[in-house]
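Peer 1: Shown below is the structure under consideration.
The values are calculated or read from the model by the stated rules, or taken from the named source; none is laboratory data. None of the values given here were measured: they were computed from a predicted structure. Positions of Cβ are generated from backbone atoms using ideal geometry, with glycine treated the same way; all protein chains shown enter the neighbour counts.
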């Protein structure tokens, strides 16, 4: 069994040989270099298909409007209505915008479900459930602020963003393909 120290020594030796030979593999290597099963690099940006600048701005607007609706309305359903209306109105736009709207809508629906369950639980326990419900809702409010800001920044860069703690209620819709007649 090879230890970590032996692997480090072997990697150092291979790196030194590569440096000494001006980037050409050394003659002592037999065949192709072994590949590691784990990739330590992560893609810098995972873009979502064709995502034009105008759709990026619309996606940013949906994230900001949903966050504003949550912070300033104090209601359950206005924050859900913003991405729902955006999904209906902007359905013909790019796949990147559709993904951002879908993620925001799923997150808002998840928050509404958590709120409804918390209210029902609080009523059923004659108010005792508020000791659990209030901290949970404050936690989700914090998550929404951070996630909406991160989603807005990802939309600005043209990247996709998945909200944490989200139930996948609205599934990803495949692009519509038209067939020749």
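Peer 1: Check segment 78-93 and report whether any residue there is surrounded by fewer than 14 Cβ atoms within 10 Å (Cβ to Cβ), modelled with pLDDT of 70 or more and in a loop (DSSP other than H, G, I, E, B).
Peer 2: Yes, segment 78-93 contains a residue that is surrounded by fewer than 14 Cβ atoms within 10 Å (Cβ to Cβ), modelled with pLDDT of 70 or more and in a loop (DSSP other than H, G, I, E, B).
Peer 1: Let me ask something additional. Determine which single condition residue 156 fails, assuming it passes every other condition in (1) surrounded by 13 or more Cβ atoms within 10 Å (Cβ to Cβ); (2) not in a helix (DSSP H, G or I).
Peer 2: It fails just one condition, (2).
Peer 1: Can you name the condition, by its number, that residue 97 falls short on among (1) outside any helix (DSSP H, G or I); (2) modelled with pLDDT of 90 or more?
Peer 2: (1)
Peer 1: Moving to a separate point now. Collect the residues in segment 110-129 that are free of Cβ contacts under 8 Å to residues at least 12 places away in the same chain, over 26 Å from the mean Cα position of the chain (by Cα) and either surrounded by 13 or more Cβ atoms within 10 Å (Cβ to Cβ) or under 26 Å from residue 168 (Cα atoms) (or both), keeping them in residue-number order.
Peer 2: Filtering segment 110-129 down to residues free of Cβ contacts under 8 Å to residues at least 12 places away in the same chain leaves 117, 120, 122-129.
Now drop any that are not over 26 Å from the mean Cα position of the chain (by Cα), which leaves 120, 122-129.
Of everything in segment 110-129, those that are free of Cβ contacts under 8 Å to residues at least 12 places away in the same chain, over 26 Å from the mean Cα position of the chain (by Cα) and either surrounded by 13 or more Cβ atoms within 10 Å (Cβ to Cβ) or under 26 Å from residue 168 (Cα atoms) (or both) turn out to be 120, 122, 125, 129.
Peer 1: Further, regarding this structure: If I ask for residues that are under 18 Å from residue 76 (Cα atoms) and at pLDDT 90 or above, which ones from segment 123-136 would you list? Spell out how you get there, then give the answer.
Peer 2: The initial filter retains those residues of segment 123-136 that are under 18 Å from residue 76 (Cα atoms), namely 123, 130, 133-136.
Listed by number, the residues that qualify are 123, 133, 134, 135, 136.
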